[in-house]
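> Please read through the structure below; I'll follow up with questions.
Taken together, the values in this text are just the output of simple stated rules run on the coordinates, not laboratory data. Bear in mind the structure is a predicted one, so any value in this text is a computation, not a measurement. Neighbour counts run over all protein chains shown; Cβ positions are idealised from the backbone, glycine included.
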Amino acid sequence: MANITVLDQNTINKIAAGEVIERPASVVKELLENAIDAQATAVTIEIKEGGTTLIRVTDNGCGIPKDQISLAFLRHATSKIKSVEDLFTVSSLGFRGEALASIAAVAQVELITKTGDSLTGFRYQIEGGAERGLEEVGAPDGTTFIARNLFYNTPARKKFLKRPVTEGAYVADLVEKIALSHPEISIRFIQNNQNKLYTSGNHNLRDLVYTVYGREVTANLLPIDVQAQDIKVSGFIGKPLIARGNRNYENYFINGRYIKSSIISKAIEEAYKPYMMQHKYPFTLLHFSIEPEFLDVNVHPTKMELRFRDGELMFKTVLNAVGEALSHRELIPLVSLEE
Ligand code: ADP
Ligand code: MG
């Protein structure tokens, strides 16, 4: 065996980046979450070549003060928590302080940012973890983050990317989910110079469903608005007739965070069972609000999964809320028709 050595910081960063940044869509997710945490009301996402050559996210949020720009790119540097205890009260989407460091480790990054109380903006450049300078520039309030040539310095990882069309589709999908998770934020998505999505940020969930999914889905929604103990659920579920052959239509958000949860999916599908053919999955768009202390969001670096303090209560609440909404309709159970 070779001698043991401690890896240098650059190598550590590149390795750690793999946990958070797998593909262009992961970069877009992190940047969008930062924009949301920065209280932006309008965000524009632009990508080229599926995000492999260019990702640009512009927000009108709080901006980063000049003296903190460089700090923001250090691993484990965050303005969102101070201690482990904060994890159980945190309401921001981010808190691990890893995204900017990870993206900067594996891409060519340019950041332009201006806070409300600064007279000028600043441009900061960092490539493969190496700082390239900070200069004063004119800029509107907010932050523009540009990541070029993702994985340019980690060719082995780059090989795992799919074709630009496919990567672009992942990004588009992610942007839709985030748009659905924040009806109060206006989101614009531009792909290869073409407008692909625009949401108005007018707070109306039904308008949002129309924008993202079109007329047929919007015409077949059942509203849900339930409060059960510490869990509040609101949003829409689709009538069984608009079910699909995969789970792409199942959207649910916890405290504004887009997640995947086998507990929630199971409860939804259980409630639909009497009305649905096998291997069909319903449309859902459910927003949960739950006190942060009932959740553990620090289960996975991408925070796509979380743990509930009371999984059973969660299951029952979803099952009842969805079941109730479905039973209010005169629906012919498809299952019994088939028999
Ligand atoms: P985290 O989001 O987990 O705190 P990040 O690496 O994503 O970690 O960001 C580091 C810090 O940089 C954030 O805590 C925040 O203070 C700042 N920041 C990042 N993006 C933005 C943005 N778009 N607007 C304002 N501040 C930002
Ligand atoms: Mg973040």
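> On a 0 to 90° scale, report how tilted helix 311-327 is relative to the longest principal axis of the chain, with both axes built from alpha carbons and the result rounded to the nearest 10.
Helix 311-327 sits at roughly 50 degrees to that axis.
> Label the chain by shape, choosing from rounded, prolate and oblate, from the square roots a ≥ b ≥ c of the eigenvalues of the Cα gyration tensor; if a/c is under 1.5 it is rounded, and otherwise prolate applies when a/b is larger than b/c, oblate when it is not.
Details: a/c = 1.84, a/b = 1.75, b/c = 1.05.
The shape class here is prolate.
> Let me ask something additional. Calculate how steeply helix 262-272 sits against the longest principal axis of the alpha-carbon atoms of the chain, using the helix alpha-carbon long axis, and give the answer as 0 to 90 degrees to the nearest 10.
Taking the Cα atoms of the chain, the angle to 262-272 is about 30 degrees.
> For VAL226 and ALA169 in one chain, what is 0.36 nm times their gap in residues minus the Cα-Cα distance, to one decimal in nm? Before the final figure, lay out the partial values.
Details: separation 57, 0.36 × 57 = 20.52 nm, distance 3.37 nm.
Roughly 17.1 nm would be gained on extension.
> How many lysine pairs in segment 216-338, separated by 8 or more positions in sequence or lying on different chains, have Cα atoms less than 25 Å apart?
Here the count comes out as 20.
> What FRET efficiency comes out for the pair ARG244/ARG148, r = Cβ-Cβ distance, R0 = 35 Å, nearest 0.05? The partial results should precede the final answer.
Working: r = 36 Å, r/R0 = 1.03.
With R0 = 35 Å, the Cβ-Cβ based efficiency is 0.45.
> Given the Cα-Cα distance of GLU85 and GLU312 and 0.36 nm per residue of separation, how much length would full extension add, in nm? Write down the numbers at each step before the final one.
Numbers: separation 227, 0.36 × 227 = 81.72 nm, distance 2.44 nm.
Value of the extension gain: 79.3 nm.
> Quick one: net charge of GLU46's neighbours, Cβ under 11 Å, K/R +1, D/E -1?
Numbers: positive: LYS48, ARG56, ARG188, LYS196; negative: none.
Value of the local net charge: +4.
> To continue, here is another question. In terms of the Cα gyration tensor, with a ≥ b ≥ c the square roots of its eigenvalues, is segment 9-198 rounded because a/c is under 1.5, prolate because a/b exceeds b/c, or oblate? Provide the component values of the computation, followed by the final result.
Details: a/c = 1.26, a/b = 1.09, b/c = 1.16.
Rounded, because the longest to shortest axis ratio a/c is under 1.5.
> With the cut-off at 1.5 for a/c, could you classify segment 204-338 from its C-alpha gyration tensor as rounded, prolate or oblate?
Numbers: a/c = 1.72, a/b = 1.49, b/c = 1.15.
Prolate shape, in that a/c is at least 1.5 and a/b is the bigger ratio.
> 222 nm [θ] for the chain, helices only, -39500 (n - 2.57) per DSSP H run of 4+, per residue, to 500? Mind dumping the intermediate values first?
Working: 11 runs with 106 residues, N = 339.
So the calculated ellipticity at 222 nm is -9000 deg cm²/dmol.
> In whole Hz, with x marking every Gly and Pro, tabulate ³J(HN,Hα) for segment 212-220 from phi via Karplus 6.51 cos²θ - 1.76 cosθ + 1.60, θ = phi - 60°.
With the stated coefficients, segment 212-220 comes to 7, 10, x, 5, 4, 5, 4, 6, 10 Hz.
> Take MET1 and THR302, extend 7 Å from each Cα along the Cα→Cβ direction, and tell me the distance between the two endpoints in nm.
3.2
> Could you go through segment 231-243 in sequence order and give the Karplus-derived ³J(HN,Hα) for each residue, using 6.51 cos²θ - 1.76 cosθ + 1.60 with θ = phi - 60°, rounded to whole Hz, and x for Gly and Pro?
10, 10, 10, 9, x, 9, 10, x, 4, x, 5, 9, 5
> Where does each of 180-192, 258-270 land if you order them by average Cβ count within 10 Å, highest first? Provide the component values of the computation, followed by the final result.
Working: 180-192: 20.2, 258-270: 17.8.
Going from most to least packed, we get 180-192, 258-270.
> Where a Cα-Cα gap under 19 Å defines reach, which aspartates and glutamates qualify for LYS80, not counting those fewer than 8 residues away within the same chain?
Cross-link targets: GLU30, GLU33, ASP37, ASP59, ASP67, GLU98, GLU291, GLU293, ASP296.
> Relative to the first principal axis of the alpha-carbon coordinates of the chain, what is the inclination of helix 164-181, with its axis defined by its Cα atoms, in degrees from 0 to 90 and to the nearest 10?
70
> For LYS14, go through the lysines and keep the ones whose alpha-carbon is under 18 Å away, minus same-chain ones fewer than eight residues off.
Result set, ordered by chain and number: LYS158, LYS159.
> Continuing with this model, one more query. So if R0 is 30 Å, what FRET efficiency would SER262 and LEU197 give, r being the distance between their Cβ atoms, rounded to the nearest 0.05? Spell out each step's value before the answer.
Numbers: r = 28 Å, r/R0 = 0.95.
The value I calculate is 0.60.
> Quote the FRET efficiency, to the nearest 0.05, computed for ARG206 versus ASN320 with a Förster distance R0 of 25 Å and r equal to the Cβ-Cβ distance. Present the calculation step by step, with values, prior to reporting the outcome.
Details: r = 23 Å, r/R0 = 0.92.
Efficiency, rounded to the nearest 0.05: 0.65.
> Enumerate the residues in segment 204-235 having an amide nitrogen under 15 Å from the point lying 7 Å beyond the Cα of GLU184 toward its Cβ.
The answer is 204-205.
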